[in-house]
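K.L.:
Pasting a structure here, questions to come.
The values are calculated or read from the model by the stated rules, or taken from the named source; none is laboratory data. It should be emphasised that the depicted structure is a prediction, and the values quoted were computed from it without experimental measurement. Cβ sites come from the backbone with ideal geometry, for glycine too, and all protein chains shown count toward neighbours. We work out accessible area using only protein heavy atoms, side chains counted, and drop any ligands, DNA or RNA first. Shrake-Rupley method; radii C 1.70, N 1.55, O 1.52, S 1.80 Å.
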Amino acid sequence: MMIRIRSRDGLERVTIDNPHATISQLKSQIESQLRVPVQSQTLSANQNLLLAKTPDDWSRFTDMANPHTPISSLNLTHGSMLYLAYEGERTIAGPAVQPAGSFGRKMTMDDLIAKQMRVTRQENPHCELVSFDRDAANAFQHYVNETLAFAVKRGGFMYGTVSAEGKVEVNFIYEPPQQGTEENLLLLRDPDEEKLVDAIAIGLGMRKVGFIFTQTISQDKKDYTMSTAEVLQAAELHSEGDLKEWVTAIVKLEVNEDGAADVHFEAFQMSDMCARLFKEGWFETDVKDEIDPKLSKMKKDVVVGVKDTREVDNDFFLVVVKIADHQGPLSSSFPIENRIIPVSMNALKDHFNRTKSLSFVKRISDFHLLLLLAKFLDINADVPALAECVLTQSAVPEGYKLLIESMASAS
């Protein structure tokens, strides 16, 4: 059984042989595998633990305080996410070293070549082109420009379709709970909400196709395309996405020739080599005190050009993807989830008052509205059925219409 552990150091994994283990035994495994002493650990299923600053703040998270509680009683299953806070520093286990030469087994030329990890630029992306739905892209950039003023980072998961030729169409952007600063973006992901998002996407004939994030005004003064922290986050999400056409998009302000600022979209794929290095654990992931944010640090030497080095320019990991736009099947006029102002049922009422002239199926053809409705519907039956009506633009069954209208009028 594998449990994912997110801490200030990023995402790590702990393996437990006994699914009926207690919290005490889980903590022992964390000490053994991640080198965090049991007495220093605070564990919680609540992601807000990562926002708490001091041990006093951590002590308020008591859901995993009893060492005798079996983890099975907490509904933890293979792949579940837990959050870890701890005091002090720890040593990350380094790569295992095999003896060579006269002190161990002989190294053949094949061994030497196999051990050389050669980092080169990848010329061609697997994604032929990424096309953004104009309304979805505009709803995202308008918020970061007008409300956040590009002062803090913002991110979202892109959903859409992938053609046989490798063309990606982005039709909506889901913005998970998050906390952005000038330099970093902490995603406070909600697995239950993401299950609803995925259920809606499947009903719409779509899937998760990439990650989009903003760079702040302060970052515009730096001489990098993506910082080391951004490369690590993008590589982690690319790896999780499990799609060879996965796209990473950046939105930023650029000063034009007239001195005015334009919002600018760029799209990349993380290279195959970047994905491999990340998957195999070559990246140094502790970048809190990064000296040069345009260089990624490796745990072992890699070959760049003709030299062995542990520092790689982040541009080596980026493959440029061409950008287009289109008018997709969904609108993006409904208030968007997890922003400064929470979405309430009043928004549903306002939306229905505003769209009286449209057919009912057109009125609900908005991912963000469907996400609000999905929180009150059955994920296995109602959500796919409604999403399929939107996909086929067919009449919404009378029962659903009455239910949705009553939800709108009750607010």
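K.L.:
Any chance you could look up the accessible area of E87 with a 1.4 Å probe, heavy atoms only, rounded to 10 Å²?
P.N.:
110 Å²
K.L.:
Indicate, rounded to the nearest 5 percent, the antiparallel portion of the DSSP beta bridges found entirely in region 133-251.
P.N.:
Here the antiparallel bridges make up roughly 75 percent for region 133-251.
K.L.:
Place a point 7 Å from Cα of T120 in the direction of its Cβ. Which residues in region 236-272 have their backbone N less than 17 Å from it?
P.N.:
Residues 271-272 fall inside that zone.
K.L.:
Work out the length of the dipole vector of the chain about its Cα centre, built from +1 on the beta-carbon of each Lys and Arg and -1 on the beta-carbon of each Asp and Glu, and round it to the nearest 20 debye.
P.N.:
The dipole magnitude comes to about 680 debye.
K.L.:
Hey, another quick one. N75 to T309: FRET efficiency via 1/(1 + (r/R0)^6), r the Cβ-Cβ distance, R0 45 Å, to the nearest 0.05?
P.N.:
My answer for the efficiency is 0.50.
K.L.:
Of the listed values (1) 0.91; (2) 1.30; (3) 1.09, identify the label whose number matches Cα Rg over 2.2 N^0.38 Å calculated from this model.
P.N.:
(3)
K.L.:
Explain nothing, just the number: dipole magnitude of region 183-284 about its Cα centre with +1 on each Lys and Arg Cβ and -1 on each Asp and Glu Cβ, in debye rounded to the nearest 20.
P.N.:
The dipole magnitude comes to about 280 debye.
K.L.:
Applying a 10 Å radius around every beta-carbon, put 168-175, 332-339, 59-66 in order of their mean neighbour count, most first.
P.N.:
168-175, 332-339, 59-66
K.L.:
Distance between the C-alpha centers of region 314-332 and region 158-222? Whole Å please.
P.N.:
So the two Cα centres are separated by 12 Å.
K.L.:
Same structure, new question: With a ≥ b ≥ c the root eigenvalues of the C-alpha gyration tensor of region 267-307, is it rounded (a/c under 1.5), prolate (a/b larger than b/c) or oblate?
P.N.:
Rounded shape, in that the Cα axes give a/c under 1.5.
K.L.:
Ranked from highest to lowest mean number of other Cβ atoms within 10 Å per residue, what is the order of the peptides 147-154, 186-193?
P.N.:
Taking the mean over residues of other Cβ atoms within 10 Å, the ranking is 147-154, 186-193.
K.L.:
So, one more: Among the lysines, which have Cα under 22 Å from the Cα of K167 when same-chain residues fewer than 8 positions away are ignored?
P.N.:
The qualifying lysines are K208, K244, K322.
K.L.:
What aspartates and glutamates could a cross-link reach from K307, if we take a straight Cα to Cα line under 13 Å and drop same-chain neighbours fewer than 8 places away?
P.N.:
Output for K307: empty list, no partners.
K.L.:
Still on this structure, I have one more. Which of these, Q178, Q116, Q141, has the largest mean-square fluctuation under a Gaussian network model of the chain (Cα springs below 10 Å)?
P.N.:
Comparing Q178, Q116, Q141 in the GNM, the peak value goes to Q116.
K.L.:
Need one number: nm distance between label points at E280 and D292, each 7 Å from Cα along Cα→Cβ, rounded to one decimal.
P.N.:
So the two model labels end up 2.4 nm from each other.
K.L.:
A further question on this structure: Label points 7 Å out from Cα along the Cβ direction at N256 and R207: separation in nm?
P.N.:
3.8 nm
K.L.:
Taking the Cα centroid of region 374-411 and of region 1-45, what is the distance between the two, rounded to the nearest whole Å?
P.N.:
Taking the Cα centre of each part, region 374-411 and region 1-45 sit 41 Å apart.
K.L.:
Would you list which aspartates and glutamates come within 13 Å of K401, measuring only between C-alpha atoms, while excluding same-chain residues fewer than 8 positions from it?
P.N.:
D382
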